[in-house]
1. Can you work out ³J(HN,Hα) from phi for every residue in the stretch A:71-77, in order, using Karplus 6.51 cos²θ - 1.76 cosθ + 1.60 and θ = phi - 60°, giving whole Hz and x for Gly and Pro?
2. Quick one: helix B:32-46 against the long Cα principal axis of chain B, what's the angle to the nearest 10°, folded into 0 to 90?
3. Relative contact order of the stretch A:3-270: what whole-number percent is it, with Cα pairs under 8 angstrom and at least 6 residues apart?
4. Quick one: what Rg and Dmax do you get for the stretch A:3-270 from the alpha carbons, in Å?
5. Per residue of the protein assembly as shown, what 222 nm ellipticity follows from adding -39500 (n - 2.57) for every DSSP H run with n ≥ 4, rounded to the nearest 500?
6. List the pairs from A:Lys66/B:Lys186; A:Lys12/A:Lys90; B:Lys46/B:Lys119 whose alpha-carbon separation is above 19 Å, in the order I gave them.
7. Just how much of B:Asp387 is accessible, in Å², when a 1.4 Å probe is used and the result is rounded to the nearest 10?
8. Given the stretch B:133-292 reduced to its alpha-carbon atoms as identical point scatterers, what log10 I(q)/I(0) does the Debye formula return at q = 0.12, 0.16 Å⁻¹?
Amino acid sequence: MNRIADRFAALKREGRGALVTFLEGYDPDPATSLAILRGLPGAGADVIEIGVPFTDPMADGPSIQKAGLRALKAGATLAGVLALVRDFRKEDAATPVVLMGYFNPVLSYGVDRFCNDAAASGVDGLIMVDVPPEEADEIEPQAKANGLDLIRLVAPTTDEARLPRVLAATTGFVYYVAITGITGTRSASGADLSAAIPRLRPHTDLPICIGFGIRTPEKAAEAARIADGAVVGTALVETLAASLDDQGRAKPDTVRKVLDHVRALAEAVRGVKSAA
Amino acid sequence: MNKPLPNSFRQGPDGRGRFGQFGGRFVAETLMPLILEVERAYEEAKTDAAFQTEWRRLLKDYVGRPSPLWLAERMTEHLRANSARDDLGAKVYFKREELNHTGAHKINAVLAQILLAKKMGKTRVIAETGAGQHGVATATACALFNLPCTVFMGATDVARQQPNVFRMKLLGAEVEPVTSGAATLKDAMNEALRYWVANVHDTYYCIGTVAGPHPYPVMVRDFQCVIGEETKQQILAAEGRLPDALVCAVGGGSSAMGLFHPFLDDEGVAMYGVEAAGRGVDTEEHAASITRGRPGVLHGNRTYLLQDADGQIQEAHSISAGLDYPGIGPEHSWLHEAGRVNYVTATDDEALEAFQVCSKLEGIIPALETAHGLAHVMKLAPTMPRDAIVVLNLSGRGDKDIFTVAHHLGVKL
């Protein structure tokens, strides 16, 4: 069974795009993080991305950098994030979970062991930000052997010559990085996205989700309409951060505030029909 | 023997930018096309006679190359006096990179990279800097070529390298203090990479060391090899033979690669890369990536890194801002595992001692980075025969460090 393919197939039947949410695992602490995770499907997240905290997240803007540091301070490790997924899976067998992060913690854990444990924990796909197709043999065989999708980033800088190569190495869905930049900074215009997505279609039959710079329900709805899904990360991470006390600890309404934000995004995404 | 030794240590990297298992191109997709563009431009520049002629002209008439090879007689006598026997105490030479314009070896590779940036049609330059030497060199080259320049520098380093910060500003560069992490070189590099991702269309990233994604490690090394090539000619002219040992401090390791690489296939030449041991390699405050780290992936390449059991990068510590980095160039990692170069360490205190001895005996105030190399020469030379020859890469001058040194010696300026 492949939860990612099943989920996108189901959404296609419904005629709408996906809301993909991103939050850093263990932010701001493991219990709150798990409570948010458990609430995400009910709040309308179709696919869940969990960030694996890393000290040096070179593709992330200040909000996600800070989230990573909060998580590390709360004791986050790769093993801890896998435990989080296992706990989530006890109550939810259907929602796809994708781990997004940087290669060094995986390398340190052991790539074989990681792919094996991730699959056993209920992870469906991986986004390794700093492993481009040129370095695919570092993790692709192990991911494949364990049935994990390797979701690749395609950027506005990915030219025609590279596009087939990048897309051929992708499984699960395609993550289109809407801007040349780091997470949570600028936003792409609808016109840019409307031009960019059809450029990808001839090279892939996979669903395409748009991320980076999608901050509002309107932008999420637009991305879900132009492509097959919208990834919202920084905006949710900022809602979480704003709910914390001055020591960076969760307050009683932290979980509710994040999930309310997810509900607003889901409502907007579900209000539009996908182009596909 | 199941693992034959390579017949040359000078062949790397392979087509993927790997030195053995080290190196590579671990960057986000947004940067990947640009990395490939830099690689193509560099490959072209290698055989572009006009490019090479212009770079050589700049090295000669602007930088002041060749830099002298100085027989450090008083240092040699001092170390002989400290040796255990009369027949010990090698002759010590200094390769005087501190005499280069801007006061360190960094300018060699910077000028070449700025020529490359021009060739690629880039209109902005960014750089990261630790001690400020690379930032000053980049700001200098950008002034010369009339390119806007932004230098990312950890806020901690901004505070401890004020003279260089002011220099960069005088040269017309913007200095962007970086406050994330420990606010040192690693964080400056993160921030420079983030800026680059957002500005790939017009910006060239001028990396200061032999690290980062391919082609930077090989490109910066090739541009720094002028150090070793000159040294080879100069020592042959002075002594009629090659040296017995080469010594150089290593942070990222560009000055060391520049000195070592032309000698890698000369069997009789021993090489010592000196890592910063900070307050000691058995404390948590050091920057000895090879001595105390293990292989991992950071800043686009696989190399030895200071990291915890979970693969989180640890903060480095060194009195010298230029060595305060938790990684090292991938070729060094490979040379370490191949056994060709010996990686040793010197503590903050040993570097401070060497800094003072060199100033008093030779009338040369070395950079604190360089003083780590010298600290090892001071251990090594007294154990070698009197007719042995040691060359230290005197990679930078220490004017920028006098405030730090004064502070550590309890002197108020």
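1. Karplus-based 3J(HN,Hα) across the stretch A:71-77 equals 5, 5, 5, 7, x, 4, 9 Hz.
2. Long axis of B:32-46 versus the principal axis of chain B: about 60 degrees.
3. Normalised by residue count, the contact order of the stretch A:3-270 is 23 percent.
4. Cα radius of gyration and Dmax of the stretch A:3-270 are 16.9, 51 Å respectively.
5. Per the formula, -13000 deg cm²/dmol.
6. Pairs exceeding 19 Å: A:Lys12/A:Lys90.
7. Taking all protein chains as shown, B:Asp387 has close to 120 Å².
8. -0.65, -1.05
The values are calculated or read from the model by the stated rules, or taken from the named source; none is laboratory data. The shown structure was predicted, so the numbers you read here are calculated from the model rather than taken from an experiment. Methodologically, a virtual Cβ is constructed for each residue, glycine included, from the backbone with ideal geometry; neighbour enumeration extends over all protein chains shown. Calculation scope for accessible area: heavy atoms of the full protein, side chains included, ligands and nucleic acids excluded. Shrake-Rupley method; radii C 1.70, N 1.55, O 1.52, S 1.80 Å.
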